[in-house]
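> My questions all concern the structure below.
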Amino acid sequence: MRDKIEKTLENNLKIVEITHAYNDYPKNLGDLAVIGFDNYDEAYEYANKYSGEISLLKTRDGWHFWHNLGYRGNPLTCNDYLNDLGDDYSLMNRKDAINIFKLRMTEAINAFDGDFKDLDDIYKNYEETFEHIYCLNDDENVICYLETYYETVKDTMMSYHEDVYTYTIGVVFTK
């Protein structure tokens, strides 16, 4: 099956092996997946053309095999990624950043005791966040960790890396 799939590969696509064990041990091997698609439509066309199924796949840093998490009917979103990051992370746009900045500065000014360090820290923190927000393309978002810039991400994506795991959408071929 691998030889047959290799003949269909284009661009940056690659073949990965699927295990049915959650701990990367080889179990029921033989299923393969193609990953590396630029967008969901490309994966959809490939799946239809070669009779594969679009699935969400997961691997851990240092692991060889991938685990099939099942059918995926749409691309990954920044909210999928945000949910995996946890409660201390949030999406922030210009309006949110301005409102939070005003609130934090007001709180700091009300508690002002003559030490400008707190005001300066708030200003520097939001200055970096604003720099990233103002550079966003229409299809991008800023993720903040406790109101501090963390990462810029696309609205939709075909893969992301969180902690030690990589999630990607691929086309699975079962034996």
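> Six or more apart or on different chains, Cβ under 6 Å: which pairs go from a residue in the stretch 57-72 that's touching a residue at least 24 places away in the same chain (Cβ under 8 Å) and assigned by TED's automatic domain parsing to the domain that holds residue 16 to one that's surrounded by fewer than 18 Cβ atoms within 10 Å (Cβ to Cβ) and in a loop (DSSP other than H, G, I, E, B)? Could you list them?
60/164; 61/164; 63/24; 65/24
> Something else: Which count do you get for residues in the stretch 135-175 that are farther than 19 Å from residue 61 by Cα, surrounded by 14 or more Cβ atoms within 10 Å (Cβ to Cβ) and of a type in the set (Phe, Trp, Tyr)?
Total meeting the criteria: 3.
> Also: Would a scan of the stretch 129-148 turn up a residue that is at pLDDT below 95, assigned to a helix (DSSP H, G or I) and either among the acidic types (Asp, Glu) or within 30 Å of residue 50 (Cα to Cα) (or both)?
Yes, the stretch 129-148 contains at least one residue that is at pLDDT below 95, assigned to a helix (DSSP H, G or I) and either among the acidic types (Asp, Glu) or within 30 Å of residue 50 (Cα to Cα) (or both).
> Also, I was wondering about something else. Hey, any hits in the stretch 15-35 for a residue that's assigned to a loop (DSSP other than H, G, I, E, B) and at pLDDT 90 or above?
Scanning the stretch 15-35, I find no residue that is assigned to a loop (DSSP other than H, G, I, E, B) and at pLDDT 90 or above, so the answer is no.
> Can we say residue 125 is in a strand (DSSP E or B) and more than 30 Å from residue 31 (Cα to Cα)?
no
> Can you tell me which residue in the stretch 13-51 is nearest to residue 154 (Cα to Cα), limited to those that are loosely packed, with under 12 Cβ neighbours inside 10 Å and polar (S, T, N, Q)?
Looking at the filtered set, the residue picked out is 48.
> Pairs please, first residue from the stretch 86-99 and part of a loop (DSSP other than H, G, I, E, B), second anywhere and surrounded by fewer than 16 Cβ atoms within 10 Å (Cβ to Cβ), Cβ atoms under 7 Å, 6+ apart in sequence or on different chains.
What qualifies is 88/145; 88/146.
> While we're on this one: Looking at this structure, is residue 89 surrounded by 11 or more Cβ atoms within 10 Å (Cβ to Cβ), over 30 Å from residue 12 (Cα atoms) and aromatic (Phe, Trp, Tyr)?
For residue 89, the condition - surrounded by 11 or more Cβ atoms within 10 Å (Cβ to Cβ), over 30 Å from residue 12 (Cα atoms) and aromatic (Phe, Trp, Tyr) - is met.
The values are calculated or read from the model by the stated rules, or taken from the named source; none is laboratory data. Model, not experiment: these values are computed from the prediction. Counting neighbours? That spans all protein chains shown, and the Cβs are built from the backbone with ideal geometry, glycine included.
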